[in-house]
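The values are calculated or read from the model by the stated rules, or taken from the named source; none is laboratory data. Computed from a predicted model, the values in this text were never measured in an experiment. Methodologically, a virtual Cβ is constructed for each residue, glycine included, from the backbone with ideal geometry; neighbour enumeration extends over all protein chains shown.
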Ligand code: AMP
Ligand code: DBH
């Protein structure tokens, strides 16, 4: 095939990535078919909550049947489907059905609420929305009813529960398989969510070719093969447990996926023991909880070979405790749904594993560390991380204005991360330049929360910043200037207001401070640096 431009990659790069063998010309739908043909009897997905243990043949057949049923309901190639399922086997049934149809899953997180879901359905002009019934004490059927009434494109709501609450049960969708036109390897496979820095989340368009590369490239680095058992402890839709190497890595390798309904040790440890889990991924706060719990020695965790920790910076002190406490190899992973993923290698010296966030998957991941003017800093100095490569997007979905600032003219993604590079090419994350809070791996765009705060009738101005936290790394602090003559409001009322607007719980500020005015920078912008320092000093004062 002659190379044309693909999803923003200029033709010369398409050519290069294909020639180098990174883009293999596979699709996820075909990949599953091949695994089912090669070893259909092996277990693909284990869902302890429902007791489901699906073989590759069963997952393959279910994906076909689900694709046929969705197709009969008018879901077509290119259509967007907002998927908000927790860690249940149906997640994979629906995802692979959509992959086969060429329809695009939009990966919402279970924590998302009305504000996020309404936006996602609206912006992507979704034709369908897939939800659990009641999960974690929240009734998704009600949310779906409200969103469906407001978003005209949304023709279907499918509920993965015997009581669909007036919607269609997901279990009723599957139909006798029909021939379907297959998507091409360079077609979009799905839209992933960015933690973002802007008022609304940005969507990340990933193709089969590029994502499959990030998956098999990760498998090679993390030693994932057909004997691997991957425990999905984080929300399945998140990019880290999905692809680094994640559930899709395990399925690509012909291994097994075990879905943990909860990431807490009480749930995860018995699963590790029972299923012989070999590899899993955690965000730093969870890794701390696991380290604590493992010391009690109540479960046999000896099958665990690799623990991946990423999503936020893992402290060196905690990293040093992984091997002695859990008896497995730590791999730090510094990744992003936009693409670039870095891992410490299995054979890296322990010092490198505990003090760096790894190096890129691909020899063709281009890394630049630059100053404020986009000039390369001297080797080893700290600067802004820019990247370009065979699985890093060249632009967000339908966001030309934002793309003009989030990417350089020659296609490098401005990660917003501040890093330094060691002589071995490993990256150390030193900080962040983007206006985002990283709450234990959950990313929160300050502007998004500020916009919701500004909708409160008593709020004149709002600035959202991070505050240090021993457990989560960072928490969210909102500074508020009230309108003159506004009735007094209490922090709790502000939080209630945000909850009622349907903002996901993890974005609701942990602390709210009222202020007469905001400190300004030299050019008159709100100085978030001063606000961060102020709240940090206050917290310090409170503990001494
Ligand atoms: P997103 O773009 O929403 O997928 O979030 C990716 C961002 O998470 C990165 O750009 C980093 O800011 C942060 N991140 C991910 N892994 C790590 C890590 N191991 N250490 C520090 N920050 C991380
Ligand atoms: O934080 C992330 O988004 C992330 C972390 C580790 C990620 O997307 C990944 C690995 O692939």
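The table that follows gives values for the structure above.
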read-out	value
Near pairs, Cβ below 6 angstrom, 6+ apart or cross-chain, from region 436-452 (touching a residue at least 12 places away in the same chain (Cβ under 8 Å) and under 19 Å from residue 481 (Cβ atoms)) to any residue that is in a strand (DSSP E or B) and near ligand 1 (Cβ under 10 Å from one of its atoms)	none
Among the candidates 506, 471, residue that is in a helix (DSSP H, G or I) and touching a residue at least 12 places away in the same chain (Cβ under 8 Å)	506
Selected residue [closer than 30 Å to residue 412 by Cα, under 24 Å from the mean Cα position of the chain (by Cα) and more than 12 Å from ligand 1 (Cβ to nearest atom)] from 366, 379	366
Filtered residues of region 254-290 (kept if within 16 Å of ligand 2 (Cβ to nearest atom) and over 30 Å from residue 36 (Cα atoms))	283, 284, 285, 286, 287
Strands (runs of 3 or more DSSP E) completely within region 127-216 that count 2 or more residues being at pLDDT 95 or above and within 16 Å of ligand 1 (Cβ to nearest atom)	188-193, 203-207
Residue ID - nearest to ligand 2 (Cβ to nearest atom), chosen from residues in region 291-308 that are touching a strand residue (DSSP E or B) at 6+ places or on another chain (Cβ under 9 Å) and more than 15 Å from residue 270 (Cα to Cα)	308
Residue satisfying condition, being within 17 Å of residue 258 (Cα to Cα) and surrounded by fewer than 18 Cβ atoms within 10 Å (Cβ to Cβ), within set 77, 89, 61, 49	49
Residue within region 56-71 that is outside any loop (DSSP other than H, G, I, E, B) and touching a strand residue (DSSP E or B) at 6+ places or on another chain (Cβ under 6 Å) present	yes
In region 290-348, residue nearest to ligand 1 (Cβ to nearest atom) [restricted to those that are more than 18 Å from the chain's Cα centre (by Cα), within 24 Å of residue 363 (Cα to Cα) and in a loop (DSSP other than H, G, I, E, B)]	344
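Residues checked against (1) free of Cβ contacts under 8 Å to residues at least 60 places away in the same chain; (2) more than 17 Å from residue 231 (Cβ to Cβ):
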site: 301; (1), (2): yes, no
site: 322; (1), (2): yes, no
site: 329; (1), (2): yes, no
site: 342; (1), (2): no, yes
site: 378; (1), (2): yes, yes
